[in-house]
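Notes follow once the structure below has been shown.
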Amino acid sequence: MHNKVSMSLFDKLIYKIRNRNRNIASREYYYCPFCGKVTKFIDAGVPPRPHAACSVCYSLERHRFLFYVYQEFLNRKNAPGPLNPLNILHTAPEKCFCEIFSKRNDINYMPIDLEPDNWDFVKCKKEDVTSLTFADNSFDIVLSNHVMEHIEDENRFLSELLRVLKPNGVIYLTFPLDFTRAETFEDKNINTPEGRLKYYGQADHVRIYGRDILDKLKHNYGAEIKFAEDVEIKHLKKLKIPKREFVVIIRK
């Protein structure tokens, strides 16, 4: 009969570290730049995307991608000399970004939405994005993520964002895109929540964008398209960012 040999404290520590490293390397543990931690991600979306959301702050793939894209203007604090505050307009504001922008003394932050009471984590101004109340040339940066697919008059929406944008200002625009579709699908006769859910996948969407939208934005607005695989982001898998995650950048 063999005697049981108990693990020393050192052995237990080594076991714990190795086990932790195995967890980090597994598909369920990823790095969230908002939390700054390695944590377990959870399924999110309709239909559910596996391990899409941080379990702490609920950042999604597009948020983690945009965290690095937005460094283009967030890193201005490292520039030499005094800087004028940036005026930022943010449609349908995401909490993870609100917490960053609201803490910056060099940012004048304006979150807006048609239904501001839906955003209990920030003081949101009621605005219709197709008829904004702001004066021309008011903002240096406009952020609009997953809003355009809800807007029936897409051209008026983009015209309004450009109107309130200062010369040399920048719009960062994202929306869901079905890369398997060559052409955008939109039917004005599909105008009920039930119909939109059936054909567009969400009751408040008014179209499904196909690949043609990118060419349209390039041609009509001189847009630049940045994909995650083209941006200098290390370890996309560790961040759970798909290579085809993208942002449309329009400069005035």
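Annotation for region 149-182: trypsin sites (Lys or Arg not before Pro) lying in DSSP loop with at most 15 further Cβ atoms inside 10 Å of their Cβ are R181.
Label positions at K234 and T192, each projected 7 Å from the Cα along the C-beta direction, are separated by 5.5 nm. Between the C-alpha center of region 157-183 and that of region 121-139 there is a gap of 16 Å.
Taking amide H atoms as placed 1.01 Å from N in the peptide plane, the amide H of N87 lies under 5 Å from those of N108, D140, I141, each 5 or more residues away in sequence or on another chain.
Quick check: from the Cα gyration tensor, does region 145-252 come out rounded (a/c under 1.5), prolate or oblate?
Oblate, since a/c reaches 1.5 and b/c is not below a/b.
Taking amide H positions as modeled 1.01 Å from N, with prolines and chain starts lacking one, the residues under 5 Å from R181 and 5 or more places away or on another chain are R211. Measuring with a 1.4 angstrom probe and ignoring ligands and nucleic acids, H146 comes out at about 50 Å² accessible.
The mean sequence separation of alpha-carbon pairs under 8 Å and at least six residues apart, normalised by the residue count of the chain, gives a relative contact order of 15 percent.
Give me the percent of the accessible area of the chain that comes from carbon and sulfur atoms, probe 1.4 Å, all protein chains in place.
Reported share for carbon and sulfur atoms: 51 percent.
Partner aspartates and glutamates whose Cα lies under 20 Å from the Cα of K243, excluding those fewer than 8 positions away in the same chain, are identified as E28, D43, E61, E72, D178, D212, D215, E224, E229, D230, E232.
Calculate, for region 80-194, the solvent-accessible area per residue in square angstrom, rolling a 1.4 angstrom probe over the heavy atoms of the protein chains.
Working: 5970 Å² over 115 residues.
Value returned for region 80-194: 52 Å² of accessible area per residue.
Computed from label points 7 Å out along Cα-Cβ, the spacing between C35 and R49 is 1.7 nm.
The values are calculated or read from the model by the stated rules, or taken from the named source; none is laboratory data. Everything numeric here is computed off the predicted structure, so don't read it as measured data. No Cβ is skipped: glycine too gets one built from the backbone with ideal geometry, and neighbour counts run over all protein chains shown. We work out accessible area using only protein heavy atoms, side chains counted, and drop any ligands, DNA or RNA first. Shrake-Rupley method; radii C 1.70, N 1.55, O 1.52, S 1.80 Å.
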